[in-house]
Amino acid sequence: MFEVVFFGTSAASPSAYRGLSAHMVMHRQYRFLVDCGEGTQRQILRSGLGFKRLDKVLLTHSHLDHILGLGGLVSTLTRWETLEQLEIYAGAATLSRVRDLIELVVLRGNQPPVGIVYEQLRPHDIILDDGKFKLSAFPVQHRGPDCFGFVFEEKPRRPFLNEQAEAMGIPAGPERARLVQGKAVTLADGRIIEPDMVLGDVIAGTKYVHIGDVGRTHNLAAICEGADALTIEATYTEEETEMAHKFGHMTAAKSAQLAVDANVKTLILTHLSRRHVERDILNEARAIFPNTYVARDFDAFQVTREGTTRVNLLRQREKAAAQARQKAAAAP
């Protein structure tokens, strides 16, 4: 399972209701910040998630509405949080701009309290692979060089059949661990147990694809194929196709068509222009791909093989606070 939290969903400049691009992707012990528009650290605090273990930043491209919040966030993380190091992953052009922001504006020649590691991305780099989960980057076309999207993917697994193992007299411990790893074991009585004897059918892992600003999707269907959820921008509507092409952005309809072509299960749209209300974008996309959401700030999506669900963290916290007040008022 992946949990995706949207801190900012506006394009280019903030609106009264939408901040600039920033998202958190969480999986097991990992927390990744994808893009960091102006105001991101305050959005993180308002969400209630905080900064703990937030040591990996993934940047889609170099435009200011996706990176300007890094200055304040880096200052906070390196001064007040218990991080050993902060890793920033981006293309060469983006890292160049980010280095200027952090080293010339924030640090001004001083050494940060923790190490800042700049990791340059190249097409199809594997950022992380721990044997159960893989995170990789892929190139996308937008205005300017070195733009990337990201694939978060659990690896397929075969469940261990405990009842089968018990019936065969396989003791708990290292023998079972080896079988889970796909290795045969020899029991004390001489029997050889092959993994296929105690492992079930392959279960595919959850797949989540995150694409920031993008002007063309002709080469992305294979990368997005079968994703349980795809997040992508929808800055314009089809009436503005010429403008979308000029500025290297997507219309809601074209993003929805990618979801159809790639057989994804759920489409999540973000990066809305202030000229549109959510309804315009949603209606255009759902006419092509019905299982579409338009993300709002503080929306949290749980992405699983069984489906994707949405809650809003602010409304959830407000509801919990109201219930707490009612309980306190009713107490003798």
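The values are calculated or read from the model by the stated rules, or taken from the named source; none is laboratory data. This structure is a prediction, so every number in the text was calculated from the model and none was measured. Quick reminder, even Gly has a Cβ in these numbers, built from the backbone with ideal geometry, and neighbours come from all protein chains shown.
What the table below lists for this structure:
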quantity: Pick from segment 185-209, criterion touching a strand residue (DSSP E or B) at 6+ places or on another chain (Cβ under 6 Å), surrounded by 13 or more Cβ atoms within 10 Å (Cβ to Cβ) and aliphatic (A, V, I, L, M), ranking: modelled with the highest pLDDT; calculated: 209
quantity: Members of segment 5-37 found to be surrounded by fewer than 22 Cβ atoms within 10 Å (Cβ to Cβ), without any contact (Cβ under 8 Å) to a residue 40 or more places away in the chain and either of a type in the set (Lys, Arg) or under 20 Å from residue 275 (Cβ atoms) (or both), listed by number; calculated: 14, 16, 31
quantity: Selection within segment 134-146 - surrounded by fewer than 19 Cβ atoms within 10 Å (Cβ to Cβ), among the charged types (D, E, K, R) and part of a strand (DSSP E or B); calculated: 134
quantity: Any hit, segment 5-23, residues being modelled with pLDDT under 95, part of a loop (DSSP other than H, G, I, E, B) and of a type in the set (A, V, I, L, M); calculated: yes
quantity: Positions within segment 291-309 being without any contact (Cβ under 8 Å) to a residue 12 or more places away in the chain and either assigned to a loop (DSSP other than H, G, I, E, B) or not assigned by TED's automatic domain parsing to the domain that holds residue 209 (or both), in sequence order; calculated: 306
quantity: First in segment 182-203 and free of Cβ contacts under 8 Å to residues at least 60 places away in the same chain, second anywhere and part of a loop (DSSP other than H, G, I, E, B) and of a type in the set (S, T, N, Q), Cβ under 9 Å, 6 or more apart; calculated: 195/181
quantity: Test: residue in segment 304-327 that is at pLDDT 95 or above, charged (D, E, K, R), under 20 Å from residue 18 (Cα atoms) and surrounded by 23 or more Cβ atoms within 10 Å (Cβ to Cβ); calculated: no
quantity: Members of segment 147-184 found to be within 30 Å of residue 230 (Cβ to Cβ) and surrounded by 12 or more Cβ atoms within 10 Å (Cβ to Cβ), listed by number; calculated: 147, 148, 149, 150, 151, 152, 153, 154, 155, 157, 158, 159
quantity: Selection count where residues are free of Cβ contacts under 8 Å to residues at least 60 places away in the same chain and either in a helix (DSSP H, G or I) or surrounded by fewer than 22 Cβ atoms within 10 Å (Cβ to Cβ) (or both), scope segment 220-252; calculated: 16
quantity: Residue tally, condition surrounded by 16 or more Cβ atoms within 10 Å (Cβ to Cβ) and either part of a loop (DSSP other than H, G, I, E, B) or not aliphatic (A, V, I, L, M) (or both), over segment 279-290; calculated: 5
